[in-house]
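The values are calculated or read from the model by the stated rules, or taken from the named source; none is laboratory data. Predicted model only: the values in this text are computed from it and were never measured. Counting neighbours? That spans all protein chains shown, and the Cβs are built from the backbone with ideal geometry, glycine included. SASA here: full protein model, heavy atoms, side chains in, ligands and nucleic acids out. Shrake-Rupley method; radii C 1.70, N 1.55, O 1.52, S 1.80 Å.
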Amino acid sequence: LSEPPAAPVPPAPATPAEDVDARKITAHLFFVAEDGLRLASIEREVVFGEDTVEQARRILEAQLEPAPPPYASAIPPGTTLHRVFVTDRGEAFVDVSAEVRSAHPGGSLNELFTTYTIVNALTANLPAVTAVQILIDGKEVDSLAGHLDLRRPLQQNDRLVAGPSQ
């Protein structure tokens with residue numbers, strides 16, 4: 001007896017990082033500057049999203065990738081993106097994993113950097129997004145580390161950001 005032929009395995013869908021032919025946009029991502037006292041705006045190619053929610057997801061996924069040297073990520077390691085919602089009023093709700101809080105180093109400046117890395121990544125790149133509220137595991141939170149009120153959507157904050165660089 002011969003064995004039945006194996007069922008063909010469909011190829012895995014390409015992830016944005018693997019899809020080199022995908023249409024891309026230039027987005028401003030935010031990382032802690034070398035001096036540790038401000039955020040730096042870095043231009044990066046990000047895969048194009050067909051609508052605001054998909055583009056927001058692509059930008060946030062790129063923001064969660066490791067920071068290019070000599071910069072550091074303001075988002076704690078292990079943090080993952082669950083979902084993004086955008087209301088008709090332009091408020092985005094970004095649902096991230098608990099590591100954003102449990103692995104957070106603490107301190108008011110670090111909390112500002114983490115929060116405004118996420119807020120600015122969306123508001124600076126997506127005109128349809130006017131404010132961002134961070135959720136953890138689908139729930140509203142008071143703060144990440146006890147210093148900044150996250151119970152409402154926050155608008156872009158450029159005071160923490162140095163000038164753009166490549």
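Summary of values
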| read-out | value |
| --- | --- |
| Phi-based couplings in Hz for the stretch 130-135 (Karplus 6.51, -1.76, 1.60; Gly and Pro marked x) | 9, 7, 9, 10, 8, 10 |
| Label-point separation in nm, A103 to E140, each point 7 Å along Cα→Cβ | 2.8 |
| Normalised contact order of the stretch 33-166, rounded percent, pairs of Cα under 8 Å and 6 or more residues apart | 28 |
| Helix 52-63 axis, angle to the chain major axis (alpha carbon atoms, nearest 10°) | 80 |
| Surface share of carbon and sulfur [accessible, 1.4 angstrom probe, percent] for the stretch 25-103 | 51 |
| Per residue value of the accessible surface for the chain (all protein chains in place, 1.4 Å probe), Å² | 56 |
| For K24, distant residues with modelled amide H under 5 Å away | F48 |
| Phi-based couplings in Hz for the stretch 27-43 (Karplus 6.51, -1.76, 1.60; Gly and Pro marked x) | 10, 9, 10, 10, 9, 5, 5, 4, 6, x, 10, 7, 9, 10, 8, 10, 7 |
| Inter-label distance, nm, simple model (7 Å from Cα along the C-beta direction), V20/A162 | 3.2 |
| Between 0 and 90°, nearest 10: helix 108-123 axis offset from the chain longest Cα axis | 60 |
